[in-house]
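The values are calculated or read from the model by the stated rules, or taken from the named source; none is laboratory data. In this text the structure is predicted, and so the values were computed from the model without any measurement. Counting neighbours? That spans all protein chains shown, and the Cβs are built from the backbone with ideal geometry, glycine included. We work out accessible area using only protein heavy atoms, side chains counted, and drop any ligands, DNA or RNA first. Shrake-Rupley method; radii C 1.70, N 1.55, O 1.52, S 1.80 Å.
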2 protein chains.
Amino acid sequence: MNAIENSPLTRKLSVFVALSDMELAVLDRLHQRRRTFVQGIDLVHQGQSDQAAYVLAEGWVCSYKIQRDGSRQIVDFQIPGDFLGLRSVLLHTSDHSIVPIVEIEAAEILVSDLLDAFAHTPRLATAILWAASRDEAMVVEHLVGLGQRDAEARVAHFFLELAARLALVGLGSKAGFECPLTQYHLADSLGLSAVHVNRVLRRLREEGLVTFRDGRVSFENYDGLVTLAEFDPEYLNHTGPLLS
Amino acid sequence: MNAIENSPLTRKLSVFVALSDMELAVLDRLHQRRRTFVQGIDLVHQGQSDQAAYVLAEGWVCSYKIQRDGSRQIVDFQIPGDFLGLRSVLLHTSDHSIVPIVEIEAAEILVSDLLDAFAHTPRLATAILWAASRDEAMVVEHLVGLGQRDAEARVAHFFLELAARLALVGLGSKAGFECPLTQYHLADSLGLSAVHVNRVLRRLREEGLVTFRDGRVSFENYDGLVTLAEFDPEYLNHTGPLLS
DNA sequence: CGAAACTTTGAAGCTCATCAACAGAAGTGG
DNA sequence: CCACTTCTGTTGATGAGCTTCAAAGTTTCG
């Protein structure tokens, strides 16, 4: 058992596909070209083309779109084990920006390596396709939240989804998780003002459901939150794709 | 020049990739198994597995998710030339439902045919990948609208996007388009109440921007609408993907 | 140590949802 | 065929939820 088996990506994929030694080795190779990026400087910029792709090894980033009026909509957050800019590479262009929220570590992925990996280890390709489609399902669920849920349910749902994702890579549980986000991040992601996010957080805290403080989310009443948010994790745990 | 070259899918793909006779023939073959579906009965149902995939030939459908409280969020509308349930097939499960808005005609796609087509005509695979990624970009833009735009801009943006998509398959222009949707469809898609949609439509009409009446959207002031919605069609027209 | 970033709270007001009622169109059954 | 319901569109009244503006407190950091 080598260290790489504990990389977040490997942990995540292993939950859904049992990976052989050879497949683990290929994943290992994808993790070679390790790089560090500082917080706050765009990794990929809206409209830019021919970017590299990465696997996030440590830290958090977010994908967002800026409107002409200056407002920002965060589409998605990425946590360790997630791919960054995979679509941008395949499509030679990106319609959104990606920025590190804290200093991050990421492994650069060469398209050629990726295509090689796909060709030689179809089960790995399957697993990665699964992960990509899960990301898409999360975007859809996010959209549903913006359209249908009120502020309190949105915040609750957001925390629950993050907790489930983080648990998969060993970074969280039903007790809580470390969370480097600011209330502005929540606001821009949930389509609320930062002021209102603050009030909602206070209410959730006073109701004894969840506390977001000092960079940590602590669930005080997990089941109560699930009820409030109508959180159904099915979309995160869908069964495997083609060939599996 | 045969009739198939005028199928909506062919028209759409041709705009972005010049297709050879052979590729046109393969597309032709995909259109063989024509079927009709009545309005209002789910084609794919949330949670259902192992569905077929289709190419929509005529009519409109929508993809939606139902919440436990009964509210409905429409994620996306599909128009002629769009794929239906492609992801459901690849993933063996669907996290959303698909329902025809009017009686539709669709060609059933066999997964084996599709994979064959991909293997033998890579440029076609490229074009289809492009179309799929464009669909994803539309979902993201929809999300941005729900998070950042007010009701008037949402409605305006919605009409403009639809017009652009329909124009690509010859069903609309900057003058307007036939539109079988009800105000409830708009409401469920845009995260508004039907009552408020009605008021917004009235305002847009009174401002001389756009009229939605008797199943038709008529642009009275296209450029004014573009300004109001901050509509930037770039996400619809991104350049081609890998290999192109 | 001062500046910048983030959090917190109050007050005022606007956008939008909800409730209610009605009118017209379209479909349905006796 | 006409009465019936059902679906869709329209408008008014009321108020909840959220935004905006403002200001002050707290933490972080160069």
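Please indicate, with yes or no, whether at least one residue in the range B:83-103 is open to solvent by 60 Å² or more (accessible area, probe 1.4 Å), away from chain A (no Cβ under 12 Å) and more than 24 Å from residue B:237 (Cα to Cα).
Looking through the range B:83-103, at least one residue is open to solvent by 60 Å² or more (accessible area, probe 1.4 Å), away from chain A (no Cβ under 12 Å) and more than 24 Å from residue B:237 (Cα to Cα).
Within the range A:96-116, which residues are at pLDDT below 85 and within 22 Å of residue B:140 (Cβ to Cβ)?
none
Filter the range B:16-28 down to residues that are exposed (fewer than 14 other Cβ atoms within 10 Å of the Cβ) and touching a residue at least 24 places away in the same chain (Cβ under 8 Å) and give me whichever is nearest to residue B:164 (Cα to Cα).
B:20
What number goes with the only condition from (1) open to solvent by less than 20 Å² (accessible area, probe 1.4 Å); (2) under 24 Å from residue A:173 (Cβ atoms); (3) within 16 Å of DNA strand D (Cβ to nearest atom); (4) within 10 Å of chain B (Cβ to nearest Cβ) that residue A:144 does not pass?
(2)
Hey, among the residues in the range B:58-72 that are within 11 Å of another protein chain (Cβ to nearest Cβ) and buried (at least 18 other Cβ atoms within 10 Å of the Cβ), which one's nearest to the chain's Cα centre (by Cα)?
It comes out as B:63.
Which of the residues spanning the range A:189-198 are within 10 Å of residue A:151 (Cβ to Cβ), more than 9 Å from DNA strand C (Cβ to nearest atom) and either assigned to a helix (DSSP H, G or I) or among the aromatic types (Phe, Trp, Tyr) (or both)?
Across the range A:189-198, the qualifying residue is only A:190.
Within the range A:153-171, restricting attention to residues that are away from chain B (no Cβ under 14 Å) and open to solvent by 20 Å² or more (accessible area, probe 1.4 Å), which residue is farthest from DNA strand D (Cβ to nearest atom)?
Once the filter is applied, the top-ranked residue is A:168.
Would you please name the residue that is surrounded by the fewest Cβ atoms within 10 Å (Cβ to Cβ), looking only at residues in the range A:104-119 that are under 22 Å from residue A:172 (Cα atoms) and touching a Lys or Arg at 6+ places or on another chain (Cβ under 8 Å)?
A:105
Could you tell me which of the residues B:75, B:55 is more than 11 Å from every other protein chain (Cβ to nearest Cβ) and part of a strand (DSSP E or B)?
B:55 is the lone residue from the list that is more than 11 Å from every other protein chain (Cβ to nearest Cβ) and part of a strand (DSSP E or B).
Would you point out the residue of the range B:204-222, among those that are open to solvent by 40 Å² or more (accessible area, probe 1.4 Å) and assigned to a helix (DSSP H, G or I), that is farthest from DNA strand C (Cβ to nearest atom)?
Applying the filter and picking the extreme gives B:222.
Looking only at the range A:174-213, count every residue that is more than 14 Å from chain B (Cβ to nearest Cβ), among the charged types (D, E, K, R) and within 12 Å of DNA strand D (Cβ to nearest atom) and tell me the total.
The total comes to 3.
Listed residues B:225, B:186, B:201; which is open to solvent by less than 30 Å² (accessible area, probe 1.4 Å), away from DNA strand C (no atom under 14 Å from the Cβ) and either assigned to a helix (DSSP H, G or I) or free of Cβ contacts under 8 Å to residues at least 24 places away in the same chain (or both)?
B:225
Is the range B:222-232 home to any residue that is modelled with pLDDT under 95, away from DNA strand D (no atom under 16 Å from the Cβ) and within 14 Å of chain A (Cβ to nearest Cβ)?
yes
Does any residue of the range B:124-138 turn out to be farther than 26 Å from residue A:88 by Cβ and either within 15 Å of the chain's Cα centre (by Cα) or open to solvent by 20 Å² or more (accessible area, probe 1.4 Å) (or both)? Before the answer, list the steps.
Of the range B:124-138, the ones farther than 26 Å from residue A:88 by Cβ are none.
No, there is no match, as no residue in the range B:124-138 is farther than 26 Å from residue A:88 by Cβ and either within 15 Å of the chain's Cα centre (by Cα) or open to solvent by 20 Å² or more (accessible area, probe 1.4 Å) (or both).
Exactly one of (1) open to solvent by less than 30 Å² (accessible area, probe 1.4 Å); (2) in contact with a Gly (Cβ under 8 Å, 6 or more places away or on another chain) is unmet by residue B:178. Its number?
Failing condition for residue B:178: (1).
Are there any pairs, at least 6 apart or on different chains, whose C-beta atoms fall under 7 Å, with the first in the range B:160-183 and in the same structural domain as residue B:201 (by TED's automatic domain parsing) and over 10 Å from residue B:217 (Cα atoms) and the second small (Gly, Ala, Ser) and in a strand (DSSP E or B), and if so, which?
Pairs that qualify, where the first residue is in the same structural domain as residue B:201 (by TED's automatic domain parsing) and over 10 Å from residue B:217 (Cα atoms) and the partner is small (Gly, Ala, Ser) and in a strand (DSSP E or B), are B:166/B:172; B:167/B:173.
Taking residue B:134 as the residue in question, decide whether it is assigned to a helix (DSSP H, G or I), closer than 17 Å to residue A:147 by Cα and within 11 Å of another protein chain (Cβ to nearest Cβ).
When the stated conditions are applied, residue B:134 does not pass them.
Can you tell me which residue is surrounded by the most Cβ atoms within 10 Å (Cβ to Cβ) among those in the range A:48-57 that are more than 16 Å from the chain's Cα centre (by Cα) and within 26 Å of residue B:142 (Cβ to Cβ)?
The first filter runs over the range A:48-57 and keeps only residues more than 16 Å from the chain's Cα centre (by Cα), leaving A:48-52.
Going one step further and asking which of them are within 26 Å of residue B:142 (Cβ to Cβ), we end up with A:48-49, A:51.
Numbers: A:48: 14, A:49: 14, A:51: 17.
Filtering the range A:48-57 for residues that are more than 16 Å from the chain's Cα centre (by Cα) and within 26 Å of residue B:142 (Cβ to Cβ), the one surrounded by the most Cβ atoms within 10 Å (Cβ to Cβ) comes out as A:51.
Filter the range B:136-148 for residues that are over 14 Å from residue A:188 (Cβ atoms) and in contact (Cβ under 8 Å) with a residue 24 or more places away in the chain; which is farthest from DNA strand C (Cβ to nearest atom)?
B:137
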